[in-house]
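The values are calculated or read from the model by the stated rules, or taken from the named source; none is laboratory data. Worth saying up front: this structure is predicted, and the values here are computed from it rather than measured. Glycine gets a Cβ as well: all are built from the backbone with ideal geometry, and neighbour counts include every protein chain shown. Heads up: the accessible areas ignore ligands, DNA and RNA and are worked out on the full protein's heavy atoms, side chains in. Shrake-Rupley method; radii C 1.70, N 1.55, O 1.52, S 1.80 Å.
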Amino acid sequence: MKVVIAGGGIGGLAAALALHAHGHEVQVLEQAPELTEIGAGLQISPNGWRVLDALGVTEKIAETAFFPEAIEMRLGESGKQIFRLEMATTARKRWGAPYIQIHRADLHRALATVLEERFPGALRTGATFDIYAIEKNKVEVYLTDGETLIADLLVGADGLHSNVRAQMMGPDLPRYTGFMAWRALAPVEVLGDLVPPSTACVWVGQNQHAVTTRIHGGKTVNFVGMVERPEPAQEGWRIVGERADALADFEGWDPRLEAVLKTAEKVHCWALFDRAPLPQWHERHVVLLGDAAHPMLPSMAQGAVQALEDAWVLAASLGQHPILEESLSAYFAKRIGRASRVQSGSASNARMFHQASGLGKALFYGPMSIAARLAPWVLHRRQDWVYGYDPIKDMKAR
Ligand SMILES: Cc1cc2nc3c(=O)[nH]c(=O)nc-3n(C[C@H](O)[C@H](O)[C@H](O)COP(=O)(O)OP(=O)(O)OC[C@H]3O[C@@H](n4cnc5c(N)ncnc54)[C@H](O)[C@@H]3O)c2cc1C
């Protein structure tokens, strides 16, 4: 089939590689004039790694990925550790693949490089999708510059404010979650003694939390601080915020977090939106994936990972049924339950990390701390349904 993909983010590029691997011709339209270094740290769990491996991308990220030894939770103010769970060996043994931290730009570049090697010219930058029209057995894809492409399938991988989704489902606004994220990057060597631990560390506190990870092969600390705000700020990877406001939000928290915010060249902010699960992701020759279909809070670190899973499952679903729309229905049926569960899990994680009362803290953190010491498998087991999923095996088995 000839497939046009609107949006060349993580989901769109992964879909291009997966569809190409399944024998389809792909054209990715990315509105940005060029691929730039936007974004920050992403955690990619074993279920996402498996897709990257199947797409042939893992070798390209060997140097830029960081493989944390553990995940941990600490009280934001005192820095006291609530629990620490070994991750490096567990991820490989229990879930069959590594757990990594990587700059979004490094992952994006790796996907784009592999796509260009396999299918030169498949990614077109400076190309903005406008609208589509379904005509007989094809879809006409109109670009804002007046060009029209004819395809068998249009994939809407155009993110939170997806035009493809708006045309398919009707225009509506994403839902402001009441959370805003501060983002900052700081070099490990400059932080010296004030460097946060080289784990995936969640720092919890009253009505806010932060996560520190490592990217650039371990050389840079990535900070995401989620705070509650009644009114939405702007949304996007490039919005620069006031450093003083970020410092005020985390005043009195562990000095290592303050050091990251003070050292970072810029402090970015991002109002966080999501959507209720959609009743469908497809119509005849058009289908959605990634944030266009199921935007979510970052509190399970699964948005990009779910887009990777979507990409593989979509590509493997095509051709399973004689009629395209039946294959798209099979893709939706396979994905909707899981993506919706991750969406709601992300929202409830955010609430759990923001315990305000002493009782809430004791009830939530106490058992976790005990379980991590006495029976860590109890906590690992809670992640099995997310990290243990293998979309490649799942689709082969059908
Ligand atoms: C602070 C923060 C931390 C996060 N941390 C993690 C994490 O640790 N792990 C994880 O898995 N996820 C994480 N996420 C979520 C993750 O970043 C997103 O879920 C993921 O990037 C979605 O990918 P996508 O390809 O669907 O959409 P996007 O990345 O939004 O890509 C959409 C692309 O489409 C292009 N586009 C839009 N409209 C058009 C158009 N009309 N024509 C052509 N192109 C168009 C855009 O320019 C963009 O390149 C985090 C998100 C945030 C905000």
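Largest GNM mean-square fluctuation across A362, A304, A210, computed for the chain with C-alpha springs under 10 Å, falls on A362. Eigen-decomposition of the gyration tensor built on the alpha-carbon atoms of segment 239-349 gives equivalent ellipsoid semi-axes of 39, 13, 12 angstrom, largest listed first.
If you roll a 1.4 angstrom probe over the protein chains with everything in place, what fraction of the accessible area of segment 51-161 belongs to carbon and sulfur, to the nearest %? C and S atoms contribute 47 percent here. Residues whose amide H falls under 5 Å from that of R214, counting only those 5 or more places apart or on a different chain, are N222, with hydrogens built in the peptide plane. Could you let me know the centre-to-centre spacing of segment 326-360 and segment 176-233, using Cα atoms, in angstrom? Here the answer is 22 Å between Cα centres. Starting from a Cα-only point model with no solvent, please compute log10 I(q)/I(0) by Debye for the chain at q = 0.09, 0.11, 0.13 1/Å. Computed log10 I(q)/I(0) values: -0.52, -0.78, -1.09.
How large a share of the accessible area of segment 303-398, in percent, is made up of carbon and sulfur atoms when the probe is 1.4 Å and the other protein chains stay in place? The C+S portion of the solvent-accessible surface of segment 303-398 is 61 percent.
The aspartates and glutamates within cross-link reach of K219, meaning a Cα-to-Cα straight distance under 16 Å and a gap of 8 or more places when in the same chain, are E63, E69, D106, E189, D193, E265. Dipole check for segment 266-337: with +1 at the C-beta of Lys and Arg, -1 at the C-beta of Asp and Glu, and the Cα centre as origin, the magnitude is about 180 Debye.
Of all lysines in the structure, those lying under 16 Å Cα to Cα from K2, and not within fewer than 8 positions of it along the same chain, are K136, K138.
At a probe radius of 1.4 angstrom, the accessible area of the chain per residue rounds to 42 square angstrom.
Between I44 and I100, Q101, I102, the built amide H atoms are under 5 Å apart, and every one of these is 5 or more places off in sequence or on another chain. Considering segment 68-162 at the alpha-carbon level, its Rg and Dmax are found to be 21.8, 64 Å. Protection proxy ranking, highest mean first, for peptides 139-151, 63-75: 63-75, 139-151, where packing is the per-residue count of other beta-carbon atoms within 10 Å, averaged.
Taking the 1.4 Å solvent-accessible surface of segment 189-271 as the whole, the part contributed by carbon and sulfur is 47%.
Debye-formula intensities of segment 183-291, expressed as log10 I(q)/I(0) at q = 0.14, 0.19 Å⁻¹, are -0.63, -0.97 (one equal scatterer per alpha-carbon, no solvent). Hydrodynamic analysis of segment 1-134 uses the Kirkwood radius over alpha carbon pairs. Inserted into Stokes-Einstein at 20 °C and 1.002 mPa s, it gives a translational diffusion coefficient of 130 µm²/s. Rg then Dmax, both in Å and based on the Cα atoms of segment 113-187: 16.8, 55.
For the chain, what is the calculated [θ] at 222 nm in deg cm²/dmol (nearest 500), taking -39500 (n - 2.57) for each run of four or more DSSP H residues and dividing by its residue count? Result for the chain, helices only: -11500 deg cm²/dmol. In plain terms, if you count all Cα to Cα distances in segment 318-371 and split them into 10 Å steps from zero, the share in each step is 21, 26, 21, 14, 14, 5 percent. Scanning the chain for long hydrophobic helices, with DSSP H runs required to stretch 24 angstrom or more by C-alpha along their axis and to average at least -1.0 on the Kyte-Doolittle scale, returns 324-353.
Annotation for segment 284-299 versus segment 70-88: alpha-carbon center distance of 32 Å.
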